[in-house]
Amino acid sequence: MIETNKKDAMQKVYNKLIRDKIPEIIINDGEEPEIRKLSQKEFKIELKKKVLEEAKELLEAESREEILNEIVDIQELLAWLAKEFKISSYSLRSKKLKKNKERGSFAKKLFLIKTKLSKVRK
C-alpha cells in the first residue's frame with residue numbers, strides 16, 4: 001500500500017484483488033474506492049498474487065483467530081484457482097494421494113538442514 005497526498009486528500013493505493021463486499025465496506029467507512037473489473041487472464045494472475053499475500057499474512061499471524069482467518073482466505077483463493085483452471089476436487093485429491101505416496105506428507109515434521117555429496121552416487 002502506498003500513501004500519497006494529492007490536493008490535500010490522503011489516498012491509499014492498493015492495486016490488489018479484493019473480496020466482493022470490500023467496496024461497500026470502504027464506502028461505509030467514509031472513503032471512496034476506485035475499482036475496476038479484471039479480465040479472466042488478469043483474475044488468474046491476481047489470484048496467484050493474493051495467495052502469496054495471504055501466505056505472508058499467515059506467516060505473521062500469531063493468535064489462533066488470526067491463523068484461522070488466513071487459512072480460510074488461502075483455502076478460498078485455492079478453490080477459486082481450481083475453478084478458474086478447471087481443476088476438479090477429484091483431480092486435487094488424486095494428485096495429493098499420488099504425491100503423498102511418492103514423496104510422503106508432512107506427518108514426520110522433518111526439517112532439511114543441508115545435504116552433501118556422498119561418495120556413492122545412486
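The values are calculated or read from the model by the stated rules, or taken from the named source; none is laboratory data. Bear in mind that the values here come from a model prediction, so they are computed numbers and not experimental data. In this analysis, Cβ positions are derived from the backbone assuming ideal geometry, glycine residues included, and neighbour counts consider all displayed protein chains.
A few points about this structure:
- Look at (1) among the charged types (D, E, K, R); (2) loosely packed, with under 14 Cβ neighbours inside 10 Å; (3) under 19 Å from Asp20 (Cβ atoms) and you find that Asp73 fails only one, number (2).
- Checking Thr115 against (1) under 25 Å from Asn15 (Cα atoms); (2) part of a loop (DSSP other than H, G, I, E, B), the condition it does not meet: (1)
- All of (1) out of contact with any helix residue (DSSP H, G or I) (no Cβ under 7 Å at 6 or more places or on another chain); (2) surrounded by 10 or more Cβ atoms within 10 Å (Cβ to Cβ) hold for Leu58 with one exception: (1).
- Among (1) touching a Phe, Trp or Tyr at 6+ places or on another chain (Cβ under 8 Å); (2) more than 13 Å from Leu77 (Cβ to Cβ), the one test that Ser63 misses: (1)
- Counting only residues that are assigned to a loop (DSSP other than H, G, I, E, B) and surrounded by 10 or more Cβ atoms within 10 Å (Cβ to Cβ), the stretch 86-104 holds 3 of them.
- When residues in the stretch 16-48 are screened for being in contact with a Pro (Cβ under 9 Å, 6 or more places away or on another chain), surrounded by 12 or more Cβ atoms within 10 Å (Cβ to Cβ) and within 27 Å of Ala82 (Cα to Cα), 3 of them pass.
- Of all the criteria given as (1) surrounded by 13 or more Cβ atoms within 10 Å (Cβ to Cβ); (2) modelled with pLDDT under 95; (3) of a type outside the set (D, E, K, R), the one not satisfied by Ile2 is (1).
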